[in-house]
Amino acid sequence: MRSCIVLLWLSFLGHAVLAQQNTLSSQEALTQFNHLWEDMNRTFPEDDFKTYRRTSFTEAQLQTYLSQYYQLMDLLNSVTGHHKLKVDTYLHFGYWFHQIEFPQQAITAYNHFFDYSATFSSSLEILDQESYIKKQNYAYSATAEDYAKLNQLDKASQMHLANIAFSKAYPGISFPSALNNYGLFFYWHKHDLENALKYFKEAQRATLDYNPNHTLIGSIRDNIADVYVDQGQYALALPLYKTNFHFFQHTPIETTQQLDSRRLISAGAQLVSTYVKLNRITEAEATFKTLQEIKAQQDQQLHPYSTIEILQAKEDLALGQANPMTAYHASKAILTLSDSIHEASKKIDERWVNEFNKITFDRVALNHKIDQMNKESKIKSQRINLWLFALVFSIILILLASLFVRRRQHLINAKNKQLLAEKTLENSTLKVKQLNFKIASKERDLSDFAINLSQNQEWVALLAQKIEALKQANQQEKNKLLEDLENEINNKVTFDKNTKDFFERLDKLSDAFYSKLTNDFPSLSKNEIRLCSLIRLKIDSRSIATLQNITLASLNTSRYRLRKKLRLKKHKNLDTFIQNI
């Protein structure tokens, strides 16, 4: 039976190993992941800005890249450990999806990062490095922006607040930037000017505390001024635009160390428009002249939106100067340029939308899902076979165990029956011995009774002889014989009574001695036990004969029988033996 169980167990293990062959180990998944990542980087390198422009992808390239992305995610789930690899992967694809404007997929990738970093925070010391702190700030900000694009404003607000809380723990520009972004959320999406202004001012204070010359302070001043303009408070907006116009003429961008011409022109155009709103035309004209000089210096590099802002300032100034024709031509130029930009953007968007409609995420995801279902179906089939084999194996084991238990129980029952029969036989034998002992005891008592009866008959015969002698005697002898006869009868009665009392007391006092004699020598009669007790008390033979109402000759006979029952040898003294018991 044991060999059968071993063979079944080995067979079960073989099927289990076979079922696991299609499951990748962590190292195998990591190797495949690295190969696939290298293939993706050859086509679209991670450090190339074109990788993060949606116009860089053709239909086939996008389909391939998305399919590879899904494969990477599957392989990454099978990799154990390698926390930095997983964090970098989630951050990369979150950034990529955000840049090519796939908000839902960007949210999914960044949420993978947030969940993973929260679960394995103790193993991710790298997250405290400055580069990763910036990436986390960007992840919060980008996720909030994508939620807002999907009109999930509550979740967007939660992400902004999480970014503020996270950034506050680290010194740097990230904290005021997070506050500024939350203000923009209220300004653009909630249209809540009061809360927008509140967070812009908090961002302004935080930036001034950190670095008053950082270009972020210019952006924040511009945002505050925009709120004042929307509220019609042009006098409050004017010094902010004026400060910014001067600020951006002398303050380079921190990363490139070049002037931010687009912000500079925007600040100048807004300053011109604000001067016009306050009817300060002379100052507006001087500012516009400076703006024209800046345009002339950067005409070839000027952004189309900057050109539109200059034209808008020109239109506002012409209206303030009461010069409608100049204002008309400026307005017409704005419309032409806006239409041109809109048309180009529309074509790009249409091309992208058309291509994206052909290879939507649903299609790519569906193909990937089908592959997954095929794999899962194969694995599920193997698992079903394994479970069926395990079930059959379990049933066989149960049957074998049941047979084993039944066989073992049968042997136990047979042994119990044998033990019960032996016990019954022992009890029966013991009962027979006890019964035989009782019979022997009764026989001894009957023998003692017969001896006493015989002695009494002898005494009665003797008494009859004396009565006959009394009848034949003369009067004088008769009186004497009668008196002797009366005394003998009285003595007999008194002796029997005293003897009875004596033996009753002797029996009580010698109870332990009697028990030992009975256990050691069960064949002794009651009179023989009493004889032993009298010998133990060192009573002489004549007194013993008197107490037992027998002659010395009868006593010697009783002593002889007692020696035989006690199995004493000839050289052993009966009295010494009994006294040593």
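The values are calculated or read from the model by the stated rules, or taken from the named source; none is laboratory data. Just so it is clear, the structure is predicted and the values come from calculations on it, not from any experiment. Reconstructed Cβ throughout: ideal geometry from the backbone, glycine too, with neighbour counts over all protein chains shown. Each accessible area value is taken on the protein alone, full model and side chains, heavy atoms only, with ligands, DNA and RNA left out. Shrake-Rupley method; radii C 1.70, N 1.55, O 1.52, S 1.80 Å.
Just to be sure, is Ile133 in a helix (DSSP H, G or I), more than 24 Å from Glu46 (Cα to Cα) and either without any contact (Cβ under 8 Å) to a residue 60 or more places away in the chain or among the hydroxyl-bearing types (Ser, Thr, Tyr) (or both)? First the steps, then the outcome.
Values: in a helix (DSSP H, G or I): yes; more than 24 Å from Glu46 (Cα to Cα): no; either without any contact (Cβ under 8 Å) to a residue 60 or more places away in the chain or among the hydroxyl-bearing types (Ser, Thr, Tyr) (or both): yes.
No.
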How many residues does the range 265-300 contain that are farther than 12 Å from Asp316 by Cβ, of a type in the set (D, E, K, R) and open to solvent by less than 80 Å² (accessible area, probe 1.4 Å)? 2
Among residues of the range 141-157, those that are open to solvent by 40 Å² or more (accessible area, probe 1.4 Å), touching a helix residue (DSSP H, G or I) at 6+ places or on another chain (Cβ under 8 Å) and not acidic (Asp, Glu), counted: 3
Cβ-Cβ under 7 Å, sequence separation 6+ or interchain: first residue in the range 317-339 and closer than 13 Å to Phe288 by Cβ, partner aliphatic (A, V, I, L, M) and modelled with pLDDT under 80. Which pairs? Ala318/Ala327; Ala318/Ala330; Leu319/Ala327
Report every pair of residues separated by at least 6 positions or lying on different chains whose Cβ atoms are under 8 Å apart, first residue within the range 421-438 and closer than 19 Å to Ser523 by Cβ, second modelled with pLDDT of 80 or more and surrounded by 10 or more Cβ atoms within 10 Å (Cβ to Cβ). Phe437/Pro522
Would the range 220-231 turn up any residue that is surrounded by 16 or more Cβ atoms within 10 Å (Cβ to Cβ), out of contact with any strand residue (DSSP E or B) (no Cβ under 7 Å at 6 or more places or on another chain) and aromatic (Phe, Trp, Tyr)? yes
Among the candidates Ala169, Ala106, which residue alone is over 25 Å from Phe44 (Cβ atoms) and either open to solvent by less than 30 Å² (accessible area, probe 1.4 Å) or not charged (D, E, K, R) (or both)? Ala169
